[in-house]
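One structure is given here, and the rest of the page talks about it.
The values are calculated or read from the model by the stated rules, or taken from the named source; none is laboratory data. For clarity, every value in this text was computed on a predicted model and none was experimentally measured. Using ideal geometry, Cβ is built from the backbone for each residue, glycine included, and neighbour counts are taken over all protein chains shown. Each accessible area value is taken on the protein alone, full model and side chains, heavy atoms only, with ligands, DNA and RNA left out. Shrake-Rupley method; radii C 1.70, N 1.55, O 1.52, S 1.80 Å.
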Amino acid sequence: MQYRQIFENAIGKLKTEQRYRVFADIERDSERFPHAIWRDHSGAAHDITIWCSNDYLGMGVNPEVIAAMKSATAKHGAGAGGTRNISGTSHPLVMLEAELADLHGKEAALVFTSGWISNLAAISTIADLLPNCLILSDALNHNSMIEGVRRSSAERKIWRHNDVAHLEELLAAQPLERAKLIVFESLYSMDGDISPIKEICDLAEKYNAMTYIDEVHAVAMYGARGGGVAEREGQMHRIDVIEGTLAKGFGVIGGYIAASPAICDAVRSFAPSFIFSTALPPAVCAAAAQSVRIAKTRPELRMAHQRQSWLTKHALMRAGLPVLPNPSHIVPVMVGDAQLCKAASDMLLERHGIYIQPINYPTVARGTERLRITPTPHHGDAHIAHLVEALVDVWTTLRIPFAEVSDVESPFANDAHCTYPAMKRAAE
């Protein structure tokens, strides 16, 4: 058997389908974020602006977060030293879990090495511990949630994205006494749409189901203290399990769940991916805990972020660029072709010094390829103007269709989900 040829053929197929991922060699600069250095294939260095980072608030370059990591490294060393059960439960990790439980108004929290692992471990473990469980999963749930559902031996049904009528139809077909777990996201990161959390909780109570929400793209970003969309909408107390990440709005790395002590203890005790993984290092935990504290006490960071997100959307739409409308901070600019999407990304980087990674299948459906733009409070108005000029040049050069330009009002002006009343007033 020609083993090497098998792998080369697999990669060749990806390249033919324009789905082959090319990693950009980036050096972030903590003093100049969102500016960075990009090294091309020859090793030459170029100054660029990052427009696709998941470090939504720039917490990864926050001086207080960096100081917390430096101090903890000097005190505790670089690594964790073991799994949670074997010397890895450091005091900074314990304090981080307490901060996260408090953030979500829960009695307990459990930290994992990543958000992907927290979904995989928690969903599969919870479902397997519930007798004869039925998992009801939103059709657009993240890969980590899908893998958690698949790993479980429980029966599963998929409900149409954000379609509460379809969800109720599936729930009503089951005996009231049957264990049921509804898994969904608060904010879907590719389209930027938001789930009907209250209506889902209403159905869960009516049909005796547990709720599991992924707030990965919303924690630190929404709510009075950064608890996510569920906090903003006053629904946190109705959710059984809240899952989040420390790697996006909080700017560090790791994942977690916040729930009752019994649920956290059960996942801790039965999930192999938790039991056999080395714990997060104390320095990472200290930095993450500091980031959570900042998010809880400084809503002005969220206000600044919402402002720049709105300005970016408004400017792009006014220029005729095909922005997919949504009520969140995500700015999807639609291309609709894998090859053009990659070409647009390359041209932005090489001609304009702007880094936006192309989003192709399987992350999004074929025909919906896009550039996913994520403004931060560190992107000033001059950055936005440069971005618009660059995208217009790329769209014109590559002959990508523009959208019809019309009067563009603030995405928040008539939005019941507007996070900040001051932003809504300013838009009006």
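Local charge sum around I275 (other residues, Cβ-Cβ under 10 Å, Lys/Arg +1, Asp/Glu -1)? Write down the numbers at each step before the final one.
Values: positive: R84, R268; negative: none.
Value of the local net charge: +2.
Comparing mean-square fluctuations of R293, R39, R318 from a GNM of the chain with C-alpha springs under 10 Å, the top value falls on R39. Would you look at the GNM of the chain, springs on alpha carbons closer than 10 Å, and say which of P63, P196, P92 moves the most? It is P63. Reducing region 207-284 and region 86-163 to their Cα centroids gives an inter-centroid distance of 7 Å. With the convex hull drawn around the C-alpha atoms of region 132-290, the volume per residue stands at 118 Å³. The mean accessible area for residues of region 234-361, using a 1.4 Å probe and ignoring ligands and nucleic acids, is 33 Å² per residue. Diffusion coefficient of region 1-122 by Stokes-Einstein, Kirkwood radius over Cα pairs, 25 °C, 0.890 mPa s: 129 µm²/s. Each Lys and Arg Cβ is given +1 and each Asp and Glu Cβ -1; about its Cα centre, region 1-74 then shows a dipole of about 400 debye. Out of G82, G227, G43, any idea which swings most in a Gaussian network model of the chain, alpha carbons joined below 10 Å? Checking each option, the largest mean-square fluctuation is seen for G43.
In the chain, what percentage of the DSSP-assigned beta bridges are antiparallel, given to the nearest 5?
Numbers: 27 of 46 bridges.
Of those bridges, close to 60 percent are antiparallel.
Which order do Y222, Y207 take when ranked by solvent-accessible area (1.4 Å probe, heavy atoms of all protein chains), largest first?
On the way: Y222 0, Y207 35 Å².
If we order Y222, Y207 from most to least accessible, we get Y207, Y222.
Each residue of region 1-51 gets 107 Å³ once the volume of the Cα convex hull is shared out per residue. Charged side chains reduced to their Cβ positions (Lys and Arg at +1, Asp and Glu at -1) give the chain a dipole of some 680 debye around its Cα centre.
What shape does region 78-125 take by its C-alpha gyration tensor, where a ≥ b ≥ c are the square roots of the eigenvalues and a/c under 1.5 counts as rounded, a/b above b/c as prolate, and the rest as oblate?
On the way: a/c = 2.14, a/b = 1.15, b/c = 1.85.
Because a/c hits 1.5 or more and a/b fails to exceed b/c, region 78-125 counts as oblate.
The Cβ shell under 10 Å around D163 holds other residues with a net charge of -2, Lys and Arg each +1, Asp and Glu each -1. Using heavy atoms of the protein chains and a probe of 1.4 Å, the accessible area assigned to T297 is about 100 Å².
To the nearest whole percent, what portion of all C-alpha pairs in the chain is separated by more than 31 angstrom?
Values: 39454 of 91378 pairs.
The answer is 43 percent, as a whole percent.
Once you sort the root eigenvalues of the Cα gyration tensor of region 264-343 as a ≥ b ≥ c, which label holds: rounded (a/c under 1.5), prolate (a/b larger than b/c) or oblate (the other case)? Oblate, since a/c reaches 1.5 and b/c is not below a/b.
Once you reduce region 368-404 and region 302-362 to the center of their Cα atoms, the two points are 5 Å from each other.
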